[in-house]
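Comments concern the structure below.
The values are calculated or read from the model by the stated rules, or taken from the named source; none is laboratory data. Because the structure is a prediction, the values reported are computed rather than measured. Virtual Cβ from ideal backbone geometry, glycine too; neighbours counted across all protein chains shown. The area values use the complete protein model at the heavy-atom level, side chains included, leaving out ligands, DNA and RNA. Shrake-Rupley method; radii C 1.70, N 1.55, O 1.52, S 1.80 Å.
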Amino acid sequence: MGRSLAKTCTILLAITMGLVLSGCQNFQREPDNSLYLQLGERSGIANIVEDLLYLIVDDDRINAQFKGINVAQFHSNLTDQLCELSGGPCEYSGRDMREVHQSMGITNTQFNALAENLILAMEENNIPTAAQNRLIKRLLPMYPDIRHL
Ligand code: HEM
């Protein structure tokens with residue numbers, strides 16, 4: 001009787017440990033939204049994108065490309081994209097990056113100019129340098145789809 005009780009206890013303990021461990025695993029698999037929080041969530045990102053737009057308009061290296069665009073659509077889509085990319089609860093629903101940019105003939109200098117303006121916009125919004133770098137790092141894989149081939 002005593003042995004079977006001990007056996008039952010061991011089994012229960014094993015099940016409990018299993019549940020605790022799988023709970024920990026689930027916790028580790030939670031998406032990392034720390035960058036999203038550092039950027040000030042979606043409203044903070046929307047402010048950054050707004051300031052980016054002003055900087056683009058003033059930048060002769062790239063402003064010609066943006067002439068006549070739908071500003072509200074660009075603002076909302078880029079905000080969603082940066083929100084999703086930083087681990088936030090947004091879903092980018094704009095066009096494919098290659099499709100949008102391929103016919104623009106974007107040079108390396110222009111790509112860098114946009115990245116530079118994004119950094120300036122983040123500076124203006126007091127985003128810590130480490131967070132700025134984290135966002136730029138996540139954008140870099142898009143480079144082959146955006147620059148002119
Ligand atoms: C990492 C760099 C870049 C990212 C993440 C990015 C992202 C985006 C996004 C999300 C859109 C909106 C797409 C849509 O509304 O469906 C867009 C549109 C646009 N992008 Fe970029 N872009 C980048 C670089 C550039 C560069 C370097 C230029 C030009 C110098 C540029 C010019 C444009 C223009 C003109 C549009 C508007 C197109 C239209 O509405 O017809 N982008 N971009």
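In terms of the Cα gyration tensor, with a ≥ b ≥ c the square roots of its eigenvalues, is the range 89-146 rounded because a/c is under 1.5, prolate because a/b exceeds b/c, or oblate? Oblate, since a/c reaches 1.5 and b/c is not below a/b. Taking the protein heavy atoms of the range 83-149 in the context of the full set of protein chains, the accessible area attributed to carbon and sulfur is 53 percent at 1.4 Å. Summing charges over neighbours of ASN125, with a neighbour being any other residue whose Cβ is under 10 Å away from its Cβ, gives -4 when K and R count +1 and D and E count -1. Taking label positions 7 Å along the Cα-Cβ direction at both ILE69 and ILE136, the computed distance is 2.0 nm, reported to one decimal. Accessible area per residue for the range 32-146 is 56 Å², calculated with a 1.4 Å probe on protein heavy atoms, without ligands, DNA or RNA.
Please give the net charge around VAL71, taking every other residue with its beta carbon less than 14 angstrom from that of VAL71, where Lys and Arg add +1 and Asp and Glu add -1. For residues surrounding VAL71, the net value is -1.
Neighbours of ARG98 by Cβ distance under 12 Å: Lys/Arg scored +1, Asp/Glu scored -1, total -1.
Can you give the accessible area of SER103, probe radius 1.4 Å, in Å² rounded to 10? Only protein atoms counted, so the area is about 110 Å².
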